[in-house]
Amino acid sequence: VDLVTGSRTSNKYKIDENLETIDLEKKEMQVIYTSDGKVTLMDSESFEQVEVEESLFGDGKKWLTAEDLTVEVRFHNNEPVYGIVPPKLSVKVVSTPPKDGDPDNTRHVVVEGGHLVAAPGYIKVGDVITIKTIDGSYAGK
């Protein structure tokens with residue numbers, strides 16, 4: 001993977017060929033806000049702020065609106081090259097469909113950020129649930 005352009009290539013190498021390795025610096029950063037496809041992050045140690053493209057987080061970018069979110073960002077030569085959202089997040093339920101009487105039935109609830117999550121029927125507005133960020137599935141209450 002080209003860390004600057006994001007392009008991927010497939011190459012075959014001989015067993016005696018050497019590849020260049022690079023060092024990536026890992027930083028824990030807090031999401032301050034998102035706007036127009038950009039994310040403003042703050043370094044949790046130095047309090048320095050940086051603005052990056054949402055695309056740096058791949059599919060995880062849809063969870064960048066969660067409250068009090070801390071993400072991991074990898075840097076190469078002081079330039080952010082990719083970001084990772086936590087594998088699980090706690091999010092507040094903001095809307096639920098009407099109950100059908102069976103609390104064991106699964107129904108789609110809306111969580112902060114406007115995302116749909118299939119959750120048990122007993123989940124109600126205001127509840128905080130845990131979701132898996134890899135696929136947006138319900139992980140617990």
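The values are calculated or read from the model by the stated rules, or taken from the named source; none is laboratory data. Since this is a predicted model, take the numbers as computed values, not measurements. Cβ placement follows ideal geometry from the backbone for every residue including glycine, while neighbour counts extend to all protein chains displayed. Areas reflect the complete protein model, heavy atoms only, side chains present, ligands, DNA and RNA absent. Shrake-Rupley method; radii C 1.70, N 1.55, O 1.52, S 1.80 Å.
Restricting the stretch 65-102 to residues that are β-branched (V, I, T) and in a loop (DSSP other than H, G, I, E, B) leaves a set whose member that is modelled with the lowest pLDDT is T65. Taken over the stretch 103-129, residues that are open to solvent by less than 80 Å² (accessible area, probe 1.4 Å) and either closer than 29 Å to E25 by Cβ or part of a loop (DSSP other than H, G, I, E, B) (or both) amount to 9.
Look at G58 and say whether it is of a type outside the set (V, I, T), open to solvent by less than 50 Å² (accessible area, probe 1.4 Å) and on the phi > 0 side of the Ramachandran plot. When the stated conditions are applied, G58 passes them.
Annotation note: Cβ proximity below 6 Å between a residue of the stretch 80-95 that is on the phi < 0 side of the Ramachandran plot and a residue that is assigned to a strand (DSSP E or B) and among the acidic types (D, E) (sequence gap 6+ or interchain) occurs for I84/E72. Restricting the stretch 15-37 to residues that are open to solvent by less than 100 Å² (accessible area, probe 1.4 Å) and touching a Phe, Trp or Tyr at 6+ places or on another chain (Cβ under 9 Å) leaves a set whose member that is farthest from E72 (Cα to Cα) is L24.
Figure legend. Inter-residue proximity from the stretch 14-30: first residues in a strand (DSSP E or B), second residues charged (D, E, K, R) and open to solvent by 100 Å² or more (accessible area, probe 1.4 Å), beta-carbon distance below 9 Å, spacing 6+ or different chains. Indicated pairs: K27/E45; E28/E45; Q30/D68.
Of the residues making up the stretch 48-64, just one is assigned to a loop (DSSP other than H, G, I, E, B) and either modelled with pLDDT of 95 or more or under 20 Å from P86 (Cβ atoms) (or both), namely L64.
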